[in-house]
Amino acid sequence: MAGKTTIHWSPSETSLRRSSFNALIARRQVDTTEIMVRQATMGQASMMGPGWEPSAITSRRIAESLTSQKEVKKPQCKAEHLRKTASQPLLLGGSMSLAKPKH
């Protein structure tokens, strides 16, 4: 029965429960977020056509592909790079000083 989905649906049945059950029967991984996004954008999907994907799913796939790439070695941070910036007083609610920072 692997690969088959149920064909009967009850109005009181939630889509998440049904999709989760179908994934279990098909022995697939359940992606709860994708199921919920697809359910929420069902109306828009019907207007956009068969090839359309919700932007949340597209963004998620891009983020997954970027994070799964080989990590680049980060440079070590030195103490001289940690000094205060000229905009820091503005961020902290102080007045702006045009004087050069003391070392």
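The values are calculated or read from the model by the stated rules, or taken from the named source; none is laboratory data. Every value quoted in this text rests on a predicted model; they were computed, and no experiment measured them. Positions of Cβ are backbone-derived with ideal geometry, glycine not excepted, and every protein chain shown enters the neighbour counts.
If you scan the range 38-50, which residues turn out to be modelled with pLDDT under 90 and over 22 Å from R18 (Cβ atoms)?
Residue satisfying the conditions is G49 alone.
Within the range 27-58, take every residue that is of a type in the set (S, T, N, Q), part of a helix (DSSP H, G or I) and under 19 Å from T14 (Cβ atoms) and give me the one that is nearest to the chain's Cα centre (by Cα).
Going through the qualifying residues, I end up with T33.
Looking at (1) under 24 Å from the mean Cα position of the chain (by Cα); (2) modelled with pLDDT of 60 or more, can you tell me which one V72 breaks?
(2)
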